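Have a look at the structure below, then the notes.
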Amino acid sequence: MPFIVRRVIFYIVAAWVALTINFFIPRAMPGNAVESIMAKFPNLQPSAYKALQAMLGVGHPGSLWDQYLAYLNNVFHFNFGVDVTNYPAPVSTLLGQTIPWTVILVGTATVIAFLVGTVLGIVAGWRHGGWLDRVLPGLMFFQAVPYFFLALILLELLAVRGHLLPLGQGYAGGLVPGWHWDFLGSAVYHSLLPAFTIVIASVAGWMLQMRNVMITTIGEDYMLAAQAKGLSSRRVMFTYAARNALLPQLQGFGLAVGFVVSGAIVMEIVFSYPGIGLLLLNAVTSNDFPLMQAIFLVITFAVLLANMIVDVIIVAIDPRARAREGAR
Amino acid sequence: MTVALPVSTDPAVVPEEHQQRRGLWRRLPTRAKAGAVMLGVFILAAIIGPLLTPYDPGFQNPSPALSLHPPDAAHLLGTTQSGQDVFSQLLVGIRLTLELALAVGVVATVLSVVVGVAAAYLGGVWDEVLSLATNVFLVIPALPLLIILLGYLPQKGQAATIVVLAGLGWPWGARLIRAQTMAIRSRDFVAASRETGEPTWRILAFEIVPNEVSLIAASFVNTVLYAIGASVALAFIGLADLTSWSLGTMLYWAQSQQALQIGAWWWFVPPGLAVALMGTALVLLNSGIDELGNPRLRDAGAPSAAAWHKLRPTDPTPVLQAAPRLRRGTASHSASPGGRPPGTPRPGGDLP
């Protein structure tokens, strides 16, 4: 089976597992979620009570199998139920409003951090023991700092005390979101600090990983051969060492992207950034279970999609993966 | 960095006789020593700290003068909005957070050893199923799943958090341990003990697992790191027992009572810094363990001396076009074949 087909099947299985976990959690957990929601939101209509019961599987809304099929059907139609906090707004509307903010911010910042970290890792691994290599223990500190704490510190230094950047939110108050320069400029200006936080917090991880793979690659015989041929250092460094070291680094990217996204959504809370992280916080504080579950699914699918893209890139740059593809 | 470390039976990495006698501590790279010492300080603080707390961490001093008081001699790290002593909270918080993280580390590492070894040793359908489960749980982001699991739990106590975190923390170790077990399984000494009729459990417990100690240690350190990051993040968004004092709940209260906007840095900086330093200690320790197993990563005297002379690490043989120059220290690179198989990086230490 071609590599990419096998991977796609794997992602379908992973998505199905996530969907199934999401279905069973409210049914397996102790306590009555519907009652706790109704107690918190007295303004809900009796019809909402029925809908919540059906969704969370409380009471006896049909056999488990029927519930499961109905649930899958709903998810495929992006029907995540009605949000209880902003009743009767559908959950999918809320998600639609917040997802673009998070995808653009976290996506751009993660790619920048990955690229910067990889280049620094190439240099640190090439000049093993050089100055860049020596500051690594210092960088490990940033690797260990929780994103949201780094966000707090940067906010204190650059916004509260320095007055250089805005305190939070996605754009200046009074602006109407839309495709005009005032709004776009303000949105970019407000995203600088959150993006900077993600880059600072994750760059050391990519760098350390790339450095270690580089050092292992440098010991290979073909590196010696390349140097013996008299190729320039730059060529050996990038086309021989870095290109080979990039493959494990990319595989690592696929696995780590879940961690980065998790850290970034918690960080959004500090900046009151209007993304999915802030929505998740509101869902948690108000016991808004349908919203929490929908957010879990959205984040999981985003991470699976990112992994799939990484796999496509690996096939594109790894001749071995392509060869496997052709041979079978 | 946890990677498939070479087994100590590999002739290339077996330490020389005199090195073995010098003991483990002496052989540890400097980074690992620094990490171990830092971690030791925190463990000490966790053990004796709660005995030294000057105040009850929950005690709300009614005196208005002690609301948000900056650090002074009576309150080493100042007070919170309701007059609680931050230093006392910190000492209790370090214990609670470390306790939780170590418990998660132990449970999750045991799980990953069981799953990893079982998958590799039993093989066949077992391997397919266990590997698939491992890879699926590796790719599903843990934090959002933790959030809904804890969100539904009516009681979000320490024990519940440990169970949930450990239940999602095993796949990383399991994957690495499976790969390592696959490599060891085909070794002669395993075949020999099978021939002599040793029962399977004995082979697993006394032949295979002892050969994976460094990998298990690395995966334990990693899991503890994950547990600290995840538990602090969960508490920060309010998914913890908010009546107890952990580093995460301290940050939760500081954030929810707007410590930042008030300018009360002494309220949110100490717990966050404690988390960051604990994490740094663990990352340092792990990179040290890594270097122990993969000598190429080491940057002891010789390679750095080479760096000063601007030597490329790749040229142990003279390159014709280059001017002749000293090649001190480069020997240490070619002296370490083996190493780890490429393709087994870990996803950074990028915990939330």
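Helix A:46-56 and the longest principal axis of the C-alpha atoms of chain A enclose an angle of approximately 40°. Between helix A:64-76 and chain A there is an angle of about 60 degrees, using the helix long axis and the longest principal axis of the Cα atoms. Helix A:91-126 and the longest principal axis of the C-alpha atoms of chain A enclose an angle of approximately 20°. Scalar couplings 3J(HN,Hα) for segment B:83-92, obtained by applying the Karplus form with A = 6.51, B = -1.76, C = 1.60 to θ = phi - 60°, are x, 7, 7, 5, 4, 5, 4, 4, 4, 5 Hz; x denotes Gly and Pro. Comparing mean-square fluctuations of A:ALA245, A:ALA201, A:ALA226 from a GNM of chain A with C-alpha springs under 10 Å, the top value falls on A:ALA226. Using C-alpha pairs under 8 Å with a sequence gap of at least 6, the mean separation divided by the residue count of segment A:172-328 gives a relative contact order of 17 percent.
Shape of chain A from the C-alpha gyration tensor: oblate (a/c of 1.5 or more and a/b not above b/c, with a ≥ b ≥ c the square roots of its eigenvalues).
Bear in mind that the values in this text are calculations on the coordinates, not laboratory data. Note that the coordinates shown come from a computational prediction; the quantities given were computed from them, not determined experimentally.
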